[in-house]
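Chemist: If you scroll down you'll find the structure; I have some questions about it.
The values are calculated or read from the model by the stated rules, or taken from the named source; none is laboratory data. In this text the structure is predicted, and so the values were computed from the model without any measurement. Here the Cβ is made from the backbone with ideal geometry for all residues, glycine too, and neighbour counts use every protein chain on show.
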């Protein structure tokens, strides 16, 4: 199947192409999606964009997020695909389409770079092709007509039916389920027993802060506690009773840790007691 020629009525030819190729084949490969995002980044850094749209909810200048999907559609996807004949970006690359293996559900309010990171971290090993509505749908045509009258007959439903996995892409701007299409996609995927993947992208500074708060500082406090107990034993216990007293204190520390874990599951207290036991053991051995 050949893409429409530039000389004919391109939008009519694009419409006909999307009627001939079933929606579950309006896909790109993971590598093509990443290459698309790299092209967007180049254009964005070069300043080849219009005004930030009113529905932009994230920092347009944030290099970790970039322009949101609405703006990428207006300033990159539409012009690019219109020059090629008006079909979708996916069918621009593959006029015969590719079978859908992974469906990407996203809110459009997220930055395109943020979306790319989510897809990367959530990607399913062994899969090649993905359906992302930004690239799957012919953005220069009448989207209402493309989507149809009922959600169950929409391209989204057809693509989900073919996919084995659905990547739900969270973002910093809005809840992904503030978009009704995403709600329907989740409902349909759950009904069809698809495998859900929701990537968790860690924040390095936040992770370090939490590790300090919940692990390093409590263990340090425990080491200090163990040092204090060692000093008290060496100062006040009789020489022949030091080992016995130390072992008794160690037993109490272990019992305390067990009680904390059983009754409260308090991570901080457990770390303190753990650090105390470690230091105290080394003190007894020395």
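Chemist: Considering only the stretch 105-120, I want to know if a residue exists there that is in the same structural domain as residue 24 (by TED's automatic domain parsing), crowded, with 22+ Cβ neighbours inside 10 Å and more than 21 Å from residue 41 (Cα to Cα).
Modeler: The answer is yes; a qualifying residue exists.
Chemist: Please state which of the following conditions residue 88 fails to meet, knowing it meets all the rest: (1) in contact (Cβ under 8 Å) with a residue 12 or more places away in the chain; (2) surrounded by fewer than 22 Cβ atoms within 10 Å (Cβ to Cβ).
Modeler: Status for residue 88: all satisfied but (2).
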